[in-house]
Amino acid sequence: MNAASEHTQLKVRPCPLCGSSGDRKLVLRRGQWEIVKCAACGMVFIGSEIPYDVQARDHDWEQEWRKDTARRKTEQPVMVFLSRCTRPLLPHTHGRLLSQTMHYARSGRLVDFGCSDASFLVRAIKYFQAIGIELSPRSVEIARRRVGAEKILEGPVTEVAERRLPPGQFDVVTQLGFIEHDWNPQAALRAAHCLLKPGGLTVIKCPNYSSWNRHIRGEKWCGYRLPAHCNYFTPETLSKMLRQCGFEPLPRPLADRLPTSDSLWMAARKSA
Ligand SMILES: [Zn+2]
């Protein structure tokens with residue numbers, strides 16, 4: 001699809017937190033995409049949207065990530081080099097996803113929203129009875145090879161969660177690098193709420209819009225990925241959305257509250 005025909009499919013996106021289509025302030029423009037801040041509630045998000053089928057076909061997240069990484073490499077070779085050099089010092093990312101999840105839950109039935117290539121599931125199935133849902137056909141193919149075809153459901157996450165999984169049967173819903181991609185994050189959170197048993201947990205990781213790095217790096221911040229990332233949460237806006245969807249956010253350990261982190265970690269409990 002060329003840019004012109006895609007453009008005709010863009011429409012104004014209401015604020016994913018408060019629903020307002022009113023006043024919004026421009027934060028960043030890249031190509032045809034604009035990140036805006038809602039004047040009513042402070043939520044930061046892409047202010048226009050594309051339908052799910054177009055997203056699946058033309059904006060495969062893994063492909064977008066590769067394109068964006070290539071772009072950063074060309075525009076910011078020194079930063080990318082430094083980031084490569086420091087990577088071995090960081091705890092193994094996928095190991096961290098599991099340890100963070102296990103801080104809140106250690107066993108039971110788990111569903112991973114937006115499981116990508118199943119890097120997390122490969123580790124999680126050692127402890128949990130775990131399955132994943134993924135939109136990107138390419139990632140589904142890889143994930144099925146890694147953990148077994150029966151453990152990966154393909155399609156728009158919210159739709160699959162609502163139609164193909166039993167409500168009230170799961171102990172944990174993980175959303176690790178997922179909610180920033182979903183054009184209707186409240187529907188996804190409500191779907192997670194529906195799947196969970198009373199007292200069940202959702203564990204979320206997404207880019208931290210409040211990070212110091214975002215302020216320092218401005219438009220070059222690594223969290224800006226357009227249009228792959230369509231929601232830009234702060235701890236406040238994510239807590240508010242979780243509460244709107246029937247969750248109570250849990251107290252966050254100090255290590256997760258540091259503004260130096262580009263990642264926002266949050267767990268929340270479905271009211272019993
Ligand atoms: Zn709003």
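Quick one, can you get me the convex hull of the C-alpha atoms of segment 204-272 expressed as volume per residue in Å³?
Details: hull volume 5.5 nm³, N = 69.
Per-residue hull volume (Cα only) is 79 Å³.
A simple packing score, the average count of other Cβ atoms within 10 Å per residue, orders the peptides 234-243, 101-110 as 234-243, 101-110, with the highest score first.
Within the set 126/220; 151/270; 25/220; 220/270; 197/240, which residue pairs have Cα atoms separated by over 27 Å? If you can, show how the numbers build up before the last one.
Working: 126/220 38 Å; 151/270 24 Å; 25/220 19 Å; 220/270 36 Å; 197/240 21 Å.
Check vs 27 Å cut-off fails for 126/220; 220/270.
Count charges around residue 130 for me, please; just the other residues with Cβ under 15 Å from its Cβ, Lys/Arg as +1, Asp/Glu as -1. Net local charge, residue 130 excluded: +2.
Couplings for segment 257-271, taken from phi via the Karplus curve 6.51 cos²θ - 1.76 cosθ + 1.60 with θ = phi - 60°, read 9, 6, x, 6, 8, 7, 9, 9, 9, 8, 10, 8, 10, 6, 4 Hz in order; Gly and Pro are left as x. In segment 142-262, the alpha-carbon atoms span a convex hull of 128 Å³ per residue.
Expressed as a whole percent, the proportion of Cα-Cα pairs in segment 130-211 lying more than 21 Å apart is 28%. Counted by neighbouring Cβ atoms within 10 Å, the residues 29, 24 run from fewest to most as 29, 24. Listing 193, 215, 229 from fewest to most neighbouring C-beta atoms within 10 Å gives 215, 193, 229.
Computed from the coordinates by the stated procedures, all read-outs in this text should not be read as laboratory data. Not measured: the values here are computed from a predicted model. Every residue, glycine as well, gets a Cβ built from its backbone with ideal geometry; the counts of neighbours run over all protein chains shown.
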